[in-house]
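The values are calculated or read from the model by the stated rules, or taken from the named source; none is laboratory data. Source: prediction; values computed, not measured. In this analysis, Cβ positions are derived from the backbone assuming ideal geometry, glycine residues included, and neighbour counts consider all displayed protein chains. These area figures cover heavy atoms from the full protein model, side chains too; ligands, DNA and RNA do not enter into them. Shrake-Rupley method; radii C 1.70, N 1.55, O 1.52, S 1.80 Å.
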Amino acid sequence: MGGFITMSAMSIVGMVGGVCPQGCEPADYEVVTFVNGHEEEDLRLALLACELNLVVCRTCGKPFFPDTTLIYSDLRIGMTAFVFPESYKAEEARWRTKMAEDYAQMRGALGSKMPLASVPEIFFGYPSIAAVLQAEDDREDEAMVADYLL
């Protein structure tokens, strides 16, 4: 597994080891592990389209998602979420415990810079959080139309 982490103005990017589902040689891939959706529209839209952290196998060229956890924060809609790989759903209780431990550690490290104080939501796979984000976008669109018509 790779070891570097970089931070942009809002997101956190790091290297993770990824194994192509085709059984190719493992390799390190750059992924986003933290997104402030209210400030990084491009990353929020990539997550909404289920394209965030989609990598291409260096051996066979097939796209896949490396097993990595994403933390998503969006103050606009009041959400903090941990997004685990879909394959982790079978051990949901274990990952809920891990999320609670990691979130407590993150709150301790970030203190007042922590985006939200509430307990985060948990999702397994990008499609599950994308559906919630799409529903929020739809509600916003409906509210704008209603405001315009009034």
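Picking from residues in segment 79-105 that are surrounded by 15 or more Cβ atoms within 10 Å (Cβ to Cβ) and among the hydrophobic types (A, V, I, L, M, F, W, C), the one that is farthest from GLU136 (Cα to Cα) is TRP95.
Is it the case that PRO21 is open to solvent by less than 30 Å² (accessible area, probe 1.4 Å), in contact (Cβ under 8 Å) with a residue 24 or more places away in the chain and farther than 21 Å from ALA131 by Cβ?
Numbers: open to solvent by less than 30 Å² (accessible area, probe 1.4 Å): no; in contact (Cβ under 8 Å) with a residue 24 or more places away in the chain: yes; farther than 21 Å from ALA131 by Cβ: yes.
Judged against the criteria, PRO21 is not a match.
Kindly state which strands (runs of 3 or more DSSP E) lie completely within segment 40-150 and contain at least 1 residues that are modelled with pLDDT under 95, farther than 27 Å from CYS20 by Cα and out of contact with any strand residue (DSSP E or B) (no Cβ under 6 Å at 6 or more places or on another chain).
Values: elements: 70-74, 79-84, 121-124.
Ranges flagged: 70-74, 79-84.
Take the conditions (1) of a type in the set (Val, Ile, Thr); (2) over 19 Å from ASP102 (Cα atoms); (3) without any contact (Cβ under 8 Å) to a residue 40 or more places away in the chain; THR69 misses just one of them, which is (2). If you check LEU75 against the conditions, is it within 15 Å of the chain's Cα centre (by Cα) and surrounded by fewer than 20 Cβ atoms within 10 Å (Cβ to Cβ)? The answer is yes for LEU75.
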